[in-house]
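These notes concern the structure reproduced below.
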Amino acid sequence: MFVAVSFASVFNDLMNGFGYTLIIFFITLILSVPLGLIIMFGAVTKFKPLKWLTKGFVWIIRGTPLMLQIIIVFYIPGLLFNAPFKSRLLAVLIAFVINYACYFSEIYRGGLESIPKGQYEAGYVLGMKKSQVFFHIVLMQIIKRILPPMGNEVTTLVKDTSLARVIMIVELIQAAQFQTARHGIIWPLFFTGIFYLIFIGLLTLLFGYIERKLDYYKI
Amino acid sequence: MSKQEKPLLVVENLKKNFGALEVLKGVSFSVNKGEILSIIGSSGSGKTTLLRCLNFLEEADEGLIQVEDEVLFFKDAEQSGKENFQNIREKRLNFGMVFQNFNLFPQYTTLKNVMLPLWLQGKERREKKIAAFNLEKKNNIKNLKLELKSLKSEYKKNKTDENLKAVEAKKQEIALTKGTKADVLSLEEIKQKTKEEATNLLCQVGLSDKLESYPFQLSGGQQQRVAIARAMALRPKIICFDEPTSALDPELTGEVLKVIKNIKSKNRTMIIVTHEMSFAKDISDKIIFMADGIIEEMGTPSEVFDNPKSPKTKAFLLKTEENYICEDATL
Ligand SMILES: Nc1ncnc2c1ncn2[C@@H]1O[C@H](COP(=O)(O)OP(=O)(O)OP(=O)(O)O)[C@@H](O)[C@H]1O
Ligand SMILES: [Mg+2]
């Protein structure tokens with residue numbers, strides 16, 4: 001009797017934690033994928049000041065721990081502008097989106113730079129505009145190239161969501177650890193692992209599926 | 001005297017530097033419609049650079065490029081800046097280009113590779129036509145509305161049946177004008193036409209059985225033939241070939257050269273950079289031998305190959321002949 005009630009309430013708490021994990025994951029993904037594209041354009045522009053500014057920014061974000069960035073984003077408005085965040089989740093999301101956009105921008109840039117010059121030139125001599133060359137010729141090749149590294153990065157994002165606990169967001173692991181501490185039981189922590197394994201397993205299948213879909217041609 | 005034929009392409013004093021390196025040092029030649037000009041010369045003499053300047057993939061530093069009566073590029077020593085390098089996109093359409101390493105689009109089938117430029121151009125022309133039509137329509141409606149206004153005030157002053165009728169008629173005319181649509185092909189029709197044209201071009205290069213293959217499924221020779229079909233798609237006035245067979249295994253060279261021979265016609269003008277001497281001699285109306293960024297010798301195939309005047313040409317031809325003999329000896 002006692003055990004059954006405990007399982008239901010623990011599971012409920014874990015699901016709440018998993019909810020935060022999902023929110024952080026999906027919102028970060030949805031926003032950082034396009035933001036990364038914008039940052040990439042900054043990093044490859046011919047306008048030197050913007051280029052170096054962007055590159056410097058990306059270097060800082062990639063060169064420091066995401067955990068530190070979360071804490072800094074969380075404290076900046078309160079300590080510098082006397083307007084603390086009303087929502088901890090918002091602070092986490094801002095830090096995550098910026099961080100992942102920078103990583104994605106580097107992946108995009110690698111993809112862009114891997115496209116041979118001849119592809120552009122072939123388009124130009126056929127009277128295409130720059131935008132046409134990008135959307136009709138280059139884009140699909142870039143997508144194919146970046147799919148594997150994007151898959152890795154997205155998998156990492158799933159696990160990184162646990163960093164949100166650093167500003168007391170009760171995501172999956174934090175939720176499990178509370179249960180462990182409160183009831184002296186170990187299984188919530190293992191249970192957490194299963195959540196991650198299933199989630200990442202599904203993502204791996206999804207990326208594998210897309211890669212197979214694009215297998216009809218070779219670059 | 002018979003009327004002098006006017007050249008299709010005139011190039012005068014074309015110069016191009018890469019930093020301190022003078023790659024083209026003032027190149028002048030002309031090509032008549034339907035002619036085949038072959039350019040030979042040792043590595044680094046500037047042949048590719050010349051073709052790239054014609055296709056506006058590089059901007060020349062000085063010189064003139066003229067096709068028919070249109071000056072596509074002109075810059076003399078005093079001028080600088082990019083002012084003469086505008087509307088490149090349209091100017092490029094005078095030339096087609098076949099690259100050494102094909103540069104097919106890997107994600108598209110053979111057919112789509114050839115369709116893409118046709119489709120984009122067809123769509124763009126359609127949009128332009130619609131935009132022009134709509135602009136005119138808007139102006140027409142504006143004018144009609146002004147006329148309506150004056151008719152209305154006329155009617156207010158003088159409420160006759162006749163004036164009322166005129167107002168009604170004008171209103172109807174406006175409604176009719178508003179309902180008109182530009183007379184253009186639908187996108188579906190354009191696609192169909194594009195597909196037919198592309199299929200036809202691929203037949204000409206002997207690839208009608210490979211329409212649905214992707215580039216990676218084709219041999220190098222077949223890929224280059226697709227590239228030739230693609231270069232013909234937009235009907236450029238002049239097709240340039242940059243060593244079309246030098247990335248191919250020797251046994252695939254023949255099929256590509258044969259295709260080039262097949263597409264030769266009195267309406268098709270070609271400039272071919274090649275190391276295939278017997279091919280050049282056989283197919284060309286005119287040969288240019290380039291050395292160190294200048295035209296060392298120019299003339300008919302028999303003039304250049306059989307009676308070269310310049311010592312450099314002689315040395316070059318002797319060398320290629322030797323290579324040829326060596327290759328033969330290894331067989
Ligand atoms: N973008 C560039 N920047 C700097 N130098 C260049 C560039 N393109 C070509 N060159 C130089 O210009 C010279 C002529 O090159 P080009 O490719 O026109 O020669 P080519 O006659 O086509 O030779 P090949 O027979 O080897 O193809 C070479 O010395 C080359 O190194
Ligand atoms: Mg070359």
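The values are calculated or read from the model by the stated rules, or taken from the named source; none is laboratory data. Keep in mind it's a predicted model, so treat the numbers as computed, not measured. A quick note on method: Cβ atoms are made from the backbone with ideal geometry, for glycine too, and the neighbour counts reach across all protein chains shown. In case anyone asks, the SASA skips ligands and DNA or RNA and just uses the protein heavy atoms, side chains included. Shrake-Rupley method; radii C 1.70, N 1.55, O 1.52, S 1.80 Å.
Remarks
- Considering region B:35-55, the residues that are more than 10 Å from ligand 2 (Cβ to nearest atom) and at pLDDT 95 or above include one that is farthest from the other protein chains (Cβ to nearest Cβ), namely B:I40.
- Within region B:192-209, restricting attention to residues that are open to solvent by 60 Å² or more (accessible area, probe 1.4 Å) and more than 21 Å from the chain's Cα centre (by Cα), the residue that is farthest from B:P106 (Cα to Cα) is B:Q192.
- Among the residues making up region B:218-251, those that are more than 16 Å from ligand 2 (Cβ to nearest atom) and more than 14 Å from chain A (Cβ to nearest Cβ) are B:S219, B:G220, B:G221, B:Q222, B:R225, B:D249, B:P250, B:E251.
- Hits in region B:31-58 (condition: open to solvent by 10 Å² or more (accessible area, probe 1.4 Å), in contact with a Lys or Arg (Cβ under 7 Å, 6 or more places away or on another chain) and under 13 Å from B:K15 (Cα atoms)): B:T49, B:E58
- Scoring B:E297 on the criteria (1) more than 24 Å from the chain's Cα centre (by Cα); (2) without any contact (Cβ under 8 Å) to a residue 12 or more places away in the chain leaves a single failure, condition (2).
- Residue in region A:202-219 that is nearest to A:A175 (Cα to Cα), counting only those that are open to solvent by less than 30 Å² (accessible area, probe 1.4 Å) and away from every other protein chain (no Cβ under 14 Å): A:L203
- Top-ranked residue in region B:88-121 [being touching a strand residue (DSSP E or B) at 6+ places or on another chain (Cβ under 6 Å) and more than 8 Å from chain A (Cβ to nearest Cβ); ranked as surrounded by the fewest Cβ atoms within 10 Å (Cβ to Cβ)]: B:Q100
- Of note, B:K165 does not satisfy the criterion of being away from chain A (no Cβ under 14 Å) and crowded, with 17+ Cβ neighbours inside 10 Å.
- Residues in region A:43-57 that are more than 14 Å from A:G110 (Cα to Cα) and either open to solvent by less than 70 Å² (accessible area, probe 1.4 Å) or in a helix (DSSP H, G or I) (or both): A:T45, A:K48, A:P49, A:L50, A:K51, A:W52, A:L53, A:T54, A:G56, A:F57.
- Count - residues of region B:133-162 that are under 25 Å from B:G179 (Cβ atoms) and either among the polar types (S, T, N, Q) or without any contact (Cβ under 8 Å) to a residue 40 or more places away in the chain (or both): 19
- Checked against the criteria, B:F289 counts as open to solvent by less than 10 Å² (accessible area, probe 1.4 Å), among the aromatic types (F, W, Y) and in contact with a Phe, Trp or Tyr (Cβ under 8 Å, 6 or more places away or on another chain).
- Any pair with Cβ under 9 angstrom, 6 or more apart, that starts in region A:117-133 at a residue that is more than 7 Å from chain B (Cβ to nearest Cβ) and ends at one that is open to solvent by less than 20 Å² (accessible area, probe 1.4 Å) and of a type in the set (V, I, T): A:Y120/A:V133; A:Y120/A:I137; A:Y120/A:V138; A:G123/A:V133; A:G123/A:I137; A:G123/A:V138
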